[in-house]
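Have a look at the structure below before the remarks.
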Amino acid sequence: MTRREETQGRWAIPEDIAVETDPDDRSAVWVLRASRGVIVRLPQVGLLVWRASPRVSDTEGLVALLAAEHGWPSDEIAQPVQNFVMSLVDHGLLEERSGHESN
């Protein structure tokens, strides 16, 4: 996937993000946004949600994408996905692109 494809949706992953695998838990990563002093540990599922977020225009689309790609039940993941994305936005690990309204 090209950088252009990654940023066509509602959210964008900021350019100043660093991602490192957690040496104590290879199924998790550390995400650092140096300009904001934010360090967050994402489990593997969180990493999948974070990386898929820029590809869609809203949380409903994100839920549908994740359900289709991973076989997760939409009705069970809808609220956790919405909460997680809003947390990523609050921590500065996703930025809302201009022209998109909040859900």
Open item on the list: Suppose the Debye formula is applied to equal point scatterers at every Cα of the chain; what is log10 I(q)/I(0) at q = 0.24 Å⁻¹?
Closed with: -1.43
Open item on the list: Accessible area per residue for the chain in Å², computed with a 1.4 Å probe and the full protein assembly in place, what is it?
Closed with: 58
- [ ] Could you work out the local net charge near Pro43, counting Lys and Arg as +1, Asp and Glu as -1, over the other residues with Cβ closer than 11 Å to its Cβ?
- [x] -1
Open item on the list: Give me the percent relative contact order of the chain, please, defined on Cα pairs under 8 angstrom at least 6 residues apart.
Closed with: 32
TODO: Using R₀ = 25 Å, calculate the FRET efficiency as 1/(1 + (r/R₀)^6) where r is the Cβ-Cβ separation of Ser35 and Arg97; round to 0.05.
DONE: 0.90
TODO: Note down the nm distance, to one decimal, between modelled labels 7 Å out along Cα→Cβ at Glu15 and at Arg51.
DONE: 2.3
Task: Cut-off of 10 Å, at most 14 other beta carbons, DSSP loop: longest stretch of the chain lacking such GluC sites (Glu not before Pro) - done: 16-100
Task: Total charge dipole magnitude, the chain, about the Cα centre, Cβ charges on Lys, Arg, Asp, Glu only, Debye to nearest 20 - done: 260
Open item on the list: Taking all protein chains in place and a 1.4 Å probe, what share, in percent, of the accessible surface of the chain do carbon and sulfur account for?
Closed with: 49
Task: Inter-site label distance for Asp22 and Glu69 at 7 Å from Cα along Cβ, in nm - done: 2.0
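The values are calculated or read from the model by the stated rules, or taken from the named source; none is laboratory data. Every value quoted in this text rests on a predicted model; they were computed, and no experiment measured them. With ideal geometry, Cβ positions are generated from the backbone for all residues, glycine too; neighbour counts draw on all protein chains shown. Heads up: the accessible areas ignore ligands, DNA and RNA and are worked out on the full protein's heavy atoms, side chains in. Shrake-Rupley method; radii C 1.70, N 1.55, O 1.52, S 1.80 Å.
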